[in-house]
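Inspection log for the structure reproduced underneath, given as structure tokens.
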Amino acid sequence: QVQLVESGGGLAQAGGSLRLSCAASGRTVHMYSMAWFRQCPGKEREFVASISGSGDYTWYADSVKGRFAISRDNAKNTLYLQMNSLKPEDTAVYYCAAGNTPWAKEETRYAYWGQGTQVTVSS
């Protein structure tokens, strides 16, 4: 069993930066691939980025490539999402998730989810 708790959301101006964290509990967290998803107002939840268990491999949605960076610290059981050059369209609730397929972009491939953290970007 894995429990996930996100933090670090808040209000940012366009062009600014925020860093999200996701604290994971469970003895085997390092064995899971992890990901960030987001749900923008009025839209379905979408894939943002994912990372392999070792942290050696990452995948990104085209909409955030070059602006966001996913990383993990397995010693701290923590997942991060560094968000730079933020845009108003990045406004969403951001969720972290854990699963077994690191390149997966579908929600159904992730078994464990956090409760989400709100990110609001003003223009």
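The values are calculated or read from the model by the stated rules, or taken from the named source; none is laboratory data. On a predicted model such as this, the values are computed, not experimentally measured, just so you know. Heads up, the Cβs are rebuilt from the backbone with ideal geometry, glycines too, and the neighbour counts pull from every protein chain shown. We work out accessible area using only protein heavy atoms, side chains counted, and drop any ligands, DNA or RNA first. Shrake-Rupley method; radii C 1.70, N 1.55, O 1.52, S 1.80 Å.
What ranking of Glu106, Glu89, Glu44, Glu6 comes out by heavy-atom accessible area, probe 1.4 Å, highest first? Kindly include the intermediate steps, with their values, before the conclusion.
Working: Glu106 95, Glu89 115, Glu44 155, Glu6 10 Å².
My answer, sorted largest first, is Glu44, Glu89, Glu106, Glu6.
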Globularity index of region 22-61, i.e. its alpha-carbon radius of gyration over 2.2 N^0.38 Å: 1.36
Burial ranking of peptide ranges 90-98, 55-63 (average Cβ count within 10 Å, highest at the top): 90-98, 55-63
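Any idea what the alpha-carbon Rg over 2.2 N^0.38 Å comes to for the chain?
Numbers: Rg = 13.2 Å, N = 123, 2.2 N^0.38 = 13.7 Å.
Here the Cα radius of gyration is 0.96 times the empirical estimate.
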Accessible area in the full protein assembly, largest first, 1.4 Å probe, for Trp113, Trp103: Trp103, Trp113
Region 35-47 - phi-based ³J(HN,Hα) in whole Hz, Karplus 6.51/-1.76/1.60, Gly and Pro as x: 8, 10, 10, 9, 10, 7, x, x, 10, 6, 5, 10, 5
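Please work out the Cα convex hull volume for region 59-123 and give it in Å³ per residue.
Values: hull volume 6.8 nm³, N = 65.
It is 105 Å³ per residue.
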Spatially close lysines, pair count over the chain: Cα under 18 Å, gap of eight or more or interchain: 4
Residue-count net charge about His30 - beta-carbon cut-off 11 Å; Lys, Arg +1, Asp, Glu -1: +2
